[in-house]
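Note sheet for the following structure.
No value in this document is a laboratory result; all are computed from the given coordinates. Just so it is clear, the structure is predicted and the values come from calculations on it, not from any experiment. Heads up, the Cβs are rebuilt from the backbone with ideal geometry, glycines too, and the neighbour counts pull from every protein chain shown.
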Amino acid sequence: MKISTKTGDAGRTKLMFGRDVSKASQRVRAYGALDDFSATLGLARSFAGGELAEFVLELQKSLVFLMTELATDKADFPKLAEKNIRTLGGADLEVLEKKIEASEAAGDVFSGWAHSGETHLQAALDMARARCRAAEREIAALAESGELARPFPLAYINRLSDLLWILAQQSLKDGRKE
């Protein structure tokens, strides 16, 4: 597979299934914001350990499927299923919700506003949450344009940003100072 094709030199790119679009299109902005978010999650994962690092890696993997969906024109969305390309669904959202519920059940997550930077991990998780919210805004703009194939990506990314806030708060309670 050739990485540098030079086809993007004119500010154009191809979506899944070959549709040609501007790199400035809202669709490209939406999946590009998810890519930015995933890279920031990678930074957070580099400071995490054990189960948290594994969980963050699973989140990054889920974002690949979400990016694939967003990189697919609404008219081509059924082709994902035809080609057996995985899309996220209710079970994926349930994983986030159960993690949020378990964290909340373990104790009061909110103990006052904290500023990023207490630890490397907390700062990276906060940065990931902020990038997640930026991606959410881009996906919302895609939805408002009528080009989002289904509302699921908005629900998933919204819940994920909530979870990242909780994880950042928990990292402070865990007392990590990396």
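Worth pointing out:
- Residue-averaged 222 nm ellipticity for the chain, from DSSP H runs of 4+ at -39500 (n - 2.57), nearest 500: -21500 deg cm²/dmol
- Of the chymotrypsin sites (Phe, Trp or Tyr not before Pro) found in segment 89-168, the ones in coil according to DSSP and having at most 12 other Cβ atoms within 10 Å of their Cβ are PHE110, TRP113.
- Residue among ALA140, ALA105, ALA124 with the largest mean-square fluctuation in a Gaussian network model of the chain, springs linking Cα atoms under 10 Å: ALA105
- Taken along the Cα-to-beta-carbon direction at a fixed 7 Å, the label points for ASP73 and GLU118 span 4.9 nm.
- Segment 34-112: radius of gyration over Cα atoms, expressed as a fraction of 2.2 N^0.38 Å: 1.34
- Hydrophobic, long helices, defined as DSSP H runs whose alpha-carbon span along the helix axis is 18 Å or greater and whose mean Kyte-Doolittle value is at least 0.5, occur in the chain at 50-70.
- GNM on the chain, alpha-carbon springs under 10 angstrom: the most fluctuating residue among ASP92, ASP73, ASP36 is ASP92.
- Kirkwood-based Rg to Rh ratio, the chain, C-alpha trace: 1.01
- Extension gain, ALA91 to ALA140, is 15.5 nm, computed as 0.36 nm per intervening residue step minus the present C-alpha separation.
- Checking every one of the trypsin sites (Lys or Arg not before Pro) in segment 4-39 against DSSP loop status and a limit of 12 other Cβ atoms within 10 Å picks out LYS6, LYS23.
- Looking at segment 47-117, the trypsin sites (Lys or Arg not before Pro) that sit in a DSSP loop and have at most 12 other Cβ atoms within 10 Å of their own Cβ are LYS83.
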